[in-house]
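Accompanying notes for the structure given below.
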Amino acid sequence: REEIHDAQRHLSRLVTERTEVLAASQRQLQAILDVFPGVIGSFDRELRIKFANREYARLFGYEMHEVRGTHMRDLVGPEWFEQLQPRFAAVMGGERQHYQRAVADPVQPGSQKHIQVTLIPDEVDGEVIGMIAVAFDVTDIKAAQIAAETASRAKSDFLANMSHEIRTPLNGVLGFARLGVEESADAPILHDFFRRIADSGRLLLGVVNDVLDLSKIEAGEMQIERVRVDLRAAVAQATSLFAERASQKGVELVAETDAGVPAACLGDPLRIEQVLVNLVSNAIKFTERGRICVQTHWDGDHMMLRVSDTGIGINAEQLARLFRPFEQGDSSVARRYGGTGLGLTITQRLVELMQGTIAVQ
């Protein structure tokens, strides 16, 4: 009998010690999770809270002692609970789920908080016994995103209005300049003046159009068509625009089309021509002698357009900056050749919008 009593007392001490250790571990875990910057909650398979940190209780306006045993439906509301049912089912099936939603701010009535939620299956020996919800307050990030989108729209509206206000009188200037060029053929000095006005006007119009195009692309307002395109005609149109400039520089400008290129493909004819014009224009700008070739090749899945030249070239360090807006190979390029540094940026964005890729060698 005494041995039994000793064993019972020893067992009681062990249980007490283990209980105290477990309670200390739980207190330590609770303290750690309470200072965690996000929200953490553990749910059983019936979606009742087994455990939550202090931030979880605060987010939903509960006291800590009220949280345990609370059903998910009471936390998020019946309407949102029904919308989330497929996600909960997926988690119980072993899948992670991510979503973002707005909740009422318990501290500031009438306002909302935006939270980013991750639902993780709680597994023991391969069996899902519940789920763990981890959430972060992204209200400030959401506000910054909305402010950025608003600013982007305001910028786009401003640039659209500005470009219209500039282009309207500029088109008048260009019209009269072209008329002056035609009518002053017999007066060399006057003819040169009008030609310079026309050239400067075209450069200014190109800058305005580039800024407007980039603004539309960044704002997501650039519309891309998907219609039948005759690439041979598009290449011929783009090269014909620069035939005279190439001839004046003594540079050979040619177009080569592989025999396997189909009669037509799907794309946006205006934007394809814009891309070709940008690339051929660059090639002529940076080629003093030799040859520029526009090649069209069909590989069975994609159409490849390649513009090659015998120009000044570009080193590996400058290649990394080539498609960045407002940048050129180096500062001497801008001084010698001019340009805004937007052409290749716009070209890259247009190609990507058409689900293509662009590269330079």
message: Being exposed (fewer than 15 other Cβ atoms within 10 Å of the Cβ) and more than 20 Å from R349 (Cβ to Cβ) is the requirement here; does S184 meet it?
response: no
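For (1) under 17 Å from L119 (Cβ atoms); (2) among the charged types (D, E, K, R); (3) at pLDDT 85 or above; (4) surrounded by fewer than 10 Cβ atoms within 10 Å (Cβ to Cβ), each residue gets a yes or a no:
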residue: P37; (1), (2), (3), (4): no, no, no, yes
residue: R54; (1), (2), (3), (4): no, yes, no, no
residue: A57; (1), (2), (3), (4): no, no, no, no
residue: Y62; (1), (2), (3), (4): no, no, no, no
residue: V67; (1), (2), (3), (4): no, no, no, no
residue: F88; (1), (2), (3), (4): yes, no, yes, no
query: For region 134-142, does any single residue satisfy the condition of being exposed (fewer than 15 other Cβ atoms within 10 Å of the Cβ), in contact with a strand residue (DSSP E or B) (Cβ under 7 Å, 6 or more places away or on another chain), within 24 Å of L47 (Cβ to Cβ) and at pLDDT below 90?
result: no
statement: Among V261, V277, the single one that is among the hydrophobic types (A, V, I, L, M, F, W, C) and either open to solvent by 30 Å² or more (accessible area, probe 1.4 Å) or out of contact with any helix residue (DSSP H, G or I) (no Cβ under 7 Å at 6 or more places or on another chain) (or both) is V277
message: Is it the case, given these coordinates, that L214 is in contact with a strand residue (DSSP E or B) (Cβ under 9 Å, 6 or more places away or on another chain), under 30 Å from I166 (Cα atoms) and part of a helix (DSSP H, G or I)?
response: no
- request: Name the single residue, out of those in region 187-206 being open to solvent by less than 70 Å² (accessible area, probe 1.4 Å), part of a helix (DSSP H, G or I) and hydrophobic (A, V, I, L, M, F, W, C), that is farthest from K285 (Cα to Cα).
  value: F194
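Got at least one residue in region 234-254 being of a type outside the set (S, T, Y), assigned to a strand (DSSP E or B) and under 21 Å from M303 (Cβ atoms)? Reasoning before the result, please.
The initial filter retains those residues of region 234-254 that are of a type outside the set (S, T, Y), namely 234-238, 241-246, 248-254.
Pick out the ones that are also assigned to a strand (DSSP E or B) and you get 251-254.
Still in the running and under 21 Å from M303 (Cβ atoms): 253-254.
Taking every residue of region 234-254 in turn, at least one turns out to be of a type outside the set (S, T, Y), assigned to a strand (DSSP E or B) and under 21 Å from M303 (Cβ atoms).
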Count of region 237-256 residues which are surrounded by 12 or more Cβ atoms within 10 Å (Cβ to Cβ), within 22 Å of R271 (Cβ to Cβ) and at pLDDT below 90: 5
field: Odd one out for A236, checked against (1) within 32 Å of the chain's Cα centre (by Cα); (2) within 19 Å of T347 (Cα to Cα); (3) not β-branched (V, I, T)
entry: (1)
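The values are calculated or read from the model by the stated rules, or taken from the named source; none is laboratory data. Treat the numbers as computed from the prediction; the structure is a model and nothing was measured. All Cβ positions, glycine included, derive from the backbone under ideal geometry; neighbour counts span all protein chains shown. Ligands, DNA and RNA are stripped out before the accessible areas are found, and what is left, the full protein with its side chains, is counted by its heavy atoms. Shrake-Rupley method; radii C 1.70, N 1.55, O 1.52, S 1.80 Å.
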